[in-house]
Amino acid sequence: MKILHLCVGMVGTNCYIFYDEKTMEGAVIDPGDNAPAILQAAKEHGVRITWVLLTHGHFDHILAVPQVLKETGAKLAIHKDDLWMLTPEALASSMRSFGLPRGAYEGLKPDILAEEGTEIQIGSLTAVYLHTPGHTPGSSCIRVGDVLFTGDTLFRHECGRCDLQGGDFSKMLQSLARLHDLPGDFHVLPGHEGTSTLEEERRMNPYMRQAVGK
């Protein structure tokens, strides 16, 4: 598996493209903005985008979805508990919470409403949804091999905010405890800022330590 990283949008969202080097099939995780840059990166590496996978439904993770879907013919997946966030009304509310103007937006209709354990095949790679609510009701981490795309659940030495609509800090702690207890180590690729490893977060993340009573 190869992974491409782009930082997109007004709040610096990490967008990832991962792909199977044999089939060159790939998926985009959280195309938050700047669809032309995302599409160009895929083109330069010869990647055929077949899926767009969302960790959650906030505007800064989905603004480029319509154009990416239109240009690639890819399918869209999001956890079922965040479906409500893909309406124009929810997008406007999400943007207002950051003091930003609402842009033109028609809403999205996913091809798959993921649940805990939903598997999506991209070439020989299997992306698995892990439901980790707290930041939003449907917030999820997406596991591909030894990589965890953690969205706004787990950051390097931090966690996502829980004060927006649908946020719940008690559920965030449960989700962090769940990630802490996953067997083995993983590369952690979050929705914002720098990367980490799960072992580093077990040792250094105060919220994860709080979640497991350390």
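Taking θ as phi - 60° and the Karplus parameters 6.51, -1.76 and 1.60, the scalar couplings of the stretch 130-142 work out to 10, 6, 10, x, x, 5, 9, x, x, 3, 9, 9, 10 Hz in sequence order, x denoting glycine and proline. Extension gain, H45 to K70: 0.36 nm times the residue separation minus the Cα-Cα distance gives 7.1 nm. Using the 1.4 Å probe convention, the accessible area of the chain works out to 44 Å² per residue with neighbouring protein chains retained.
In order along the stretch 108-121, the phi-based Karplus estimate (6.51 cos²θ - 1.76 cosθ + 1.60, θ = phi - 60°) of 3J(HN,Hα) comes to 10, 10, x, 7, 10, 9, 6, 10, 3, x, 4, 10, 10, 8 Hz; Gly and Pro are listed as x.
What a 1.4 Å probe finds exposed on the stretch 85-210 is 49% carbon and sulfur by accessible area, rounded to a whole percent.
Annotation for D181 and S93: the two label points, set 7 Å from Cα along the Cα-Cβ direction, are 3.2 nm apart.
For the stretch 28-82, with all protein chains in place and a probe radius of 1.4 Å, 46% of the accessible heavy-atom surface sits on carbon or sulfur. In percent, rounded to a whole number, the relative contact order of the stretch 2-122 is 21, using alpha-carbon pairs under 8 Å and six or more apart.
Considering only L63, L130, L113, the Gaussian network model of the chain with Cα springs below 10 Å gives its largest mean-square fluctuation to L113.
Maximal additional length on extending the D146-T126 stretch stands at 6.1 nm, based on 0.36 nm per residue less the C-alpha distance.
Working note: Karplus 6.51/-1.76/1.60 with θ = phi - 60° gives the stretch 150-160 the couplings 9, x, 9, 7, 10, 10, 5, 6, 8, 9, x Hz, where Gly and Pro are set to x. Using just its DSSP H runs of length 4 or more, each adding -39500 (n - 2.57), the chain gives a mean residue ellipticity at 222 nm of -7000 deg cm²/dmol after division by all residues. Using the Cβ-Cβ distance between W84 and F169 with R0 = 25 Å, the FRET efficiency computed as 1/(1 + (r/R0)^6) comes to roughly 0.80. Residues of the stretch 123-148 falling in the label zone of V212, defined by backbone nitrogen less than 17 Å from a point 7 Å along Cα to beta-carbon, are 148.
The values are calculated or read from the model by the stated rules, or taken from the named source; none is laboratory data. Note that this is a predicted model, so its numbers are computed, not measured. Every residue, glycine among them, receives a Cβ derived from its backbone with ideal geometry; neighbour counts consider all protein chains shown. For the accessible areas, the whole protein counts, side chains as well, though only heavy atoms, and no ligand, DNA or RNA atoms are used. Shrake-Rupley method; radii C 1.70, N 1.55, O 1.52, S 1.80 Å.
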